[in-house]
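Report on the structure given below.
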Amino acid sequence: MIIRPLTLADVPELTAILNDPEVMKHSIGGVCDETATRGFIQWCMACYEAYGVGPWALIDKEDGTLIGFCGVSPEMVAGIEEMNLGYRLAAAYWNKGLATEAAEGVLNYVFTHKLCKSVVVIIEPEHVASLKVAQKAGFSAFEVLEFYGRSVRLYRLNPEQIQP
């Protein structure tokens, strides 16, 4: 898998992923059409410029297909700006360990380059697959809170918690 910044050229492929109701089942914003996907990518590009991080494209190195995204980006949580780890994969790529691989790579990058003091992940308790990814990436302790009217678990990870 290759990780690179998202660009507007990714709009068609990413729209196909973000327009899938199963992929977006636990997303606050729900499914995305082409306009919403374009807006998301523009926001990602603004994050790269402002923070040096953001959701990055995940590319299948075998055939160059965009398979999803993974990265950290700013998120307001209980009135505090946090760096939130987010990931989405096309359904055809689920259950192959790719989300965990991407999450671990992103966390290693942001902590090695000291781009974040800590990273949070916000997950609905019933989203079992995402919980497994977070746990495999090193997140363990959590607190329960309301986020956009939903009960979620907020996990936090700092560089000292990463296993070498």
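Only one of these conditions is not met by Pro125: (1) of a type outside the set (Phe, Trp, Tyr); (2) part of a loop (DSSP other than H, G, I, E, B); (3) closer than 13 Å to Gly68 by Cβ. Which number is it?
So the condition that Pro125 fails would be (3).
Do we find a residue being open to solvent by 50 Å² or more (accessible area, probe 1.4 Å) and either aromatic (Phe, Trp, Tyr) or closer than 12 Å to Leu6 by Cβ (or both) anywhere in segment 64-75?
No: segment 64-75 contains no residue that is open to solvent by 50 Å² or more (accessible area, probe 1.4 Å) and either aromatic (Phe, Trp, Tyr) or closer than 12 Å to Leu6 by Cβ (or both).
If you check Thr112, Thr65, which single one turns out to be on the phi < 0 side of the Ramachandran plot and modelled with pLDDT of 95 or more?
Values: Thr112 fails: modelled with pLDDT of 95 or more.
Every option except Thr65 fails the conditions.
State all residues of segment 40-59 that are over 15 Å from Gly105 (Cβ atoms) and open to solvent by less than 50 Å² (accessible area, probe 1.4 Å); if no residue qualifies, say none. Write out each step before concluding.
Looking only at segment 40-59, we keep the residues that are over 15 Å from Gly105 (Cβ atoms), and these are 40-52.
Residues satisfying the conditions are Phe40, Ile41, Cys44, Cys47, Tyr48, Gly52.
When you go through Val106, Val133, Val152, Val120 one by one, which is the residue that is among the β-branched types (Val, Ile, Thr), at pLDDT 90 or above, surrounded by 16 or more Cβ atoms within 10 Å (Cβ to Cβ) and touching a helix residue (DSSP H, G or I) at 6+ places or on another chain (Cβ under 9 Å)? Let's see the steps before the verdict.
Working: Val106 fails: touching a helix residue (DSSP H, G or I) at 6+ places or on another chain (Cβ under 9 Å); Val152 fails: touching a helix residue (DSSP H, G or I) at 6+ places or on another chain (Cβ under 9 Å); Val120 fails: touching a helix residue (DSSP H, G or I) at 6+ places or on another chain (Cβ under 9 Å).
Within the list Val106, Val133, Val152, Val120, the selection yields Val133.
Say we look at segment 136-149 and pick out the residues that are assigned to a loop (DSSP other than H, G, I, E, B) and either touching a residue at least 40 places away in the same chain (Cβ under 8 Å) or under 19 Å from Val72 (Cβ atoms) (or both); which of these is most open to solvent (accessible area, probe 1.4 Å)?
Here is the first cut: in segment 136-149, the residues assigned to a loop (DSSP other than H, G, I, E, B) are 137-141, 148-149.
Next, only the ones that are either touching a residue at least 40 places away in the same chain (Cβ under 8 Å) or under 19 Å from Val72 (Cβ atoms) (or both) stay: 137-141, 148.
Values: Ala137: 10, Gly138: 31, Phe139: 4, Ser140: 79, Ala141: 74, Tyr148: 153 Å².
Within segment 136-149, the match that is most open to solvent (accessible area, probe 1.4 Å) is Tyr148.
Conditions: (1) open to solvent by 40 Å² or more (accessible area, probe 1.4 Å); (2) more than 25 Å from Ala57 (Cα to Cα); (3) not in a helix (DSSP H, G or I). Glu160 meets all but one. Number of the miss?
Failed condition: (3).
Examine segment 45-59 for a residue that is in a loop (DSSP other than H, G, I, E, B), closer than 25 Å to Lys132 by Cβ and small (Gly, Ala, Ser), and state whether such a residue exists.
Step one: filter segment 45-59 for residues in a loop (DSSP other than H, G, I, E, B), giving 52-54.
From what's left, closer than 25 Å to Lys132 by Cβ: 53-54.
From what's left, small (Gly, Ala, Ser): 54.
Within segment 45-59, one or more residues are in a loop (DSSP other than H, G, I, E, B), closer than 25 Å to Lys132 by Cβ and small (Gly, Ala, Ser).
The values are calculated or read from the model by the stated rules, or taken from the named source; none is laboratory data. In this text the structure is predicted, and so the values were computed from the model without any measurement. Ideal geometry is used to build each Cβ from the backbone, glycine not excepted, and the neighbour counts take in all protein chains shown. Keep in mind that these areas ignore ligands, DNA and RNA; they rest on the heavy atoms of the full protein, side chains included. Shrake-Rupley method; radii C 1.70, N 1.55, O 1.52, S 1.80 Å.
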